[in-house]
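The values are calculated or read from the model by the stated rules, or taken from the named source; none is laboratory data. The structure displayed is predicted, hence computed values, not measured ones. Ideal geometry is used to build each Cβ from the backbone, glycine not excepted, and the neighbour counts take in all protein chains shown.
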Amino acid sequence: MASVNCIVVGGGGWTARGSAFPANQNDGDNGTYQGWPGDTPGSNDNYYDNTQIPDSAVISSVSVSGEWGAGSGAATANYTCHLGGNTTNLGTIGDVTGYGAGIAHPGGGNWTKADVGSMFIRWTSLSTGNGNEMKLKSSVLTVYYTLPATNLASVIEYM
């Protein structure tokens with residue numbers, strides 16, 4: 001089974017700190033992030049690049065991971081996956097340095113490349129930051145897939 005990491009390519013709602021969105025979501029620098037006042041309600045939507053997924057890929061699973069924090073154990077955010085009017089709640093996370101969750105296809109069924117290009121992860125501040133800024137430092141969607149046997153045969157033939 002192959003996998004590909006799809007990085008953030010659009011969205012917004014929170015304020016870019018350190019560099020323009022979305023580059024700061026994927027640069028590995030904890031000094032750049034999307035931020036929101038910790039005691040203020042607000043949300044941020046992340047859309048992901050699906051161009052690295054082969055057109056003929058049969059997607060078996062999708063997960064999201066990255067880094068987030070606010071410097072306060074009381075700081076919490078909810079994150080959900082949205083696709084075509086359907087929502088999957090991925091959970092509520094407190095002040096942590098890393099997060100990760102598998103994502104079931106919202107509304108049921110199987111993932112497609114087009115789904116990955118149109119879905120988004122929404123981060124919602126639960127207004128519990130005790131005055132600390134909520135920081136979304138990175139967000140990466142990992143897509144696991146296989147290729148149909150006909151595609152594999154043509155790859156082997158030309159090797």
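Looking only at residues of segment 88-103 that are among the aliphatic types (A, V, I, L, M) and under 16 Å from residue 141 (Cα atoms), we find that the one that is surrounded by the fewest Cβ atoms within 10 Å (Cβ to Cβ) is 101. Scoring residue 68 on the criteria (1) more than 19 Å from the chain's Cα centre (by Cα); (2) at pLDDT below 95; (3) under 19 Å from residue 5 (Cα atoms) leaves a single failure, condition (1). Of the strands (runs of 3 or more DSSP E) entirely within segment 1-120, those holding at least 3 residues that are touching a residue at least 24 places away in the same chain (Cβ under 8 Å) occupy 2-12, 33-37, 42-48, 58-69, 77-83, 86-93, 99-103.
Hey, among 2, 57, 16, which residue is farther than 17 Å from residue 113 by Cβ and of a type in the set (A, V, I, L, M)? Let's see the steps before the verdict.
Values: 2 fails: farther than 17 Å from residue 113 by Cβ; 57 fails: farther than 17 Å from residue 113 by Cβ.
Result: 16 is the single residue among 2, 57, 16 that is farther than 17 Å from residue 113 by Cβ and of a type in the set (A, V, I, L, M).
Residue 2 satisfies every condition listed in (1) farther than 14 Å from residue 137 by Cβ; (2) surrounded by 14 or more Cβ atoms within 10 Å (Cβ to Cβ) except (2).
If you filter segment 15-65 down to residues that are at pLDDT below 85 and among the β-branched types (Val, Ile, Thr), you find that the one that is surrounded by the most Cβ atoms within 10 Å (Cβ to Cβ) is 32.
Among the residues of segment 66-87, count how many are β-branched (Val, Ile, Thr) and surrounded by fewer than 15 Cβ atoms within 10 Å (Cβ to Cβ). Spell out how you get there, then give the answer.
Quick first cut of segment 66-87, residues β-branched (Val, Ile, Thr) only: 76, 80, 87.
Next, only the ones that are surrounded by fewer than 15 Cβ atoms within 10 Å (Cβ to Cβ) stay: 87.
Residues that pass the stated criteria total 1.
State all residues of segment 116-132 that are more than 17 Å from residue 22 (Cβ to Cβ) and surrounded by 21 or more Cβ atoms within 10 Å (Cβ to Cβ); if no residue qualifies, say none. Break it down into steps so the answer makes sense when it comes.
Of segment 116-132, the ones more than 17 Å from residue 22 (Cβ to Cβ) are 124-132.
Within segment 116-132, 125, 129 qualify.
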